[in-house]
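In what follows, a structure is listed as structure tokens, so that the remarks can point back to it.
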Amino acid sequence: MFYQLSPLGDQAILIQLGEDINMANHKKVQIIASYLDDQPFEWMIEYIPAFTTVTIFYDPIKITQLNQRSQLPYDFVCEQLNNVLLGLTTGKIIESKTILIPVCYGEKLGPDLKMVAQVNNLTTEEVIDIHTSVDYLVFMIGFSPGFPYIGGMSKKIAAPRKKSPRLKIPERSVGIAGEQTGIYPIETPGGWQIIGRTPLKLFRPLEDSPSLLKAGDKIKFKSISYQEYIEWENDNG
């Protein structure tokens, strides 16, 4: 497995697994994440998987207690990671799930749907059909709690980010930026083109797993009417 190690501040290390966002690098991220779940290092505080990297935060005090050779904490972590990663070519992939995401497109909940259609010389119905016809993959969670960076969107409905971001994007809004699609789990500023909204809560802070989605999960979008959206929201509010 190709990788490079580099320091990230004085309490974290970055494992770089490639440059391109693709399935090969995603699989390597998943293999490392699965290993860390099953066999966490004593000195590890947490790890963060991303598109092509895994960042591990470590406890320097714990390392000092474990270290028999007075190595610097970063050198100690490098040595331990090399011992694992050099032989880690295969492994268990973190179990994923497929989640159906209902979306009410356009109207009050998707103010930028018409713009996305115009940019691509399509009708709004064609944008919806394309957006719901693809099986997507969650590459990483980031930006805000539970925000999924989703791969697999068709280039036919790609659209540029807004030149001036909105100060408030309503929670659960579904957006497009470039060739990516994503969902805003909480209200936050943002520059993505908003094409709809889901009644499904992605960020649930009181639950054991506050993020509904995780890296490796698969997503399928389903178009619902505004009335269905309201009913779903009322039933789960």
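Couple of notes before you dig in:
- Residue match in region 87-99 (condition: of a type in the set (D, E, K, R), without any contact (Cβ under 8 Å) to a residue 40 or more places away in the chain and more than 18 Å from Lys28 (Cβ to Cβ)): no
- Scanning region 36-63 for residues that are out of contact with any helix residue (DSSP H, G or I) (no Cβ under 7 Å at 6 or more places or on another chain), touching a residue at least 24 places away in the same chain (Cβ under 8 Å) and either assigned by TED's automatic domain parsing to the domain that holds Gly142 or assigned to a helix (DSSP H, G or I) (or both) turns up Asp37, Asp38.
- Hits in region 140-171 - residues which are β-branched (Val, Ile, Thr) and within 16 Å of Ala50 (Cα to Cα): Ile141, Ile150
- Odd one out for Tyr74 among (1) within 24 Å of the chain's Cα centre (by Cα); (2) among the hydroxyl-bearing types (Ser, Thr, Tyr); (3) crowded, with 19+ Cβ neighbours inside 10 Å: (1)
- Residue in region 18-26 that is modelled with pLDDT under 90, charged (D, E, K, R) and within 30 Å of Glu126 (Cβ to Cβ) present: yes
- Among the residues examined, Ile230 does not qualify as touching a helix residue (DSSP H, G or I) at 6+ places or on another chain (Cβ under 9 Å), aliphatic (A, V, I, L, M) and either more than 24 Å from Pro49 (Cα to Cα) or in a strand (DSSP E or B) (or both).
- Where strands (runs of 3 or more DSSP E) fall wholly inside region 80-195, the ranges with 3 or more residues that are over 24 Å from Ile21 (Cβ atoms) are 98-105, 166-169.
- Counted residues, region 99-109 - those being exposed (fewer than 13 other Cβ atoms within 10 Å of the Cβ) and either at pLDDT 95 or above or outside the structural domain of Ile230 (by TED's automatic domain parsing) (or both): 1
- Here Gln30 fits the description: touching a Ser or Thr at 6+ places or on another chain (Cβ under 9 Å) and under 29 Å from Lys220 (Cβ atoms).
- Enumeration of residues in region 66-86 that are farther than 19 Å from Tyr3 by Cβ and hydrophobic (A, V, I, L, M, F, W, C): Leu66, Leu72
- Every residue from region 1-35 that is assigned to a loop (DSSP other than H, G, I, E, B) and either among the β-branched types (Val, Ile, Thr) or under 18 Å from the mean Cα position of the chain (by Cα) (or both): Leu17, Gly18, Glu19, Asp20, Ile21, Asn22
- In region 197-206 there is at least one residue matching the filter, namely being free of Cβ contacts under 8 Å to residues at least 60 places away in the same chain and part of a strand (DSSP E or B).
The values are calculated or read from the model by the stated rules, or taken from the named source; none is laboratory data. Since this is a predicted model, take the numbers as computed values, not measurements. Backbone-built Cβ (ideal geometry, glycine too); neighbour counts: all protein chains shown.
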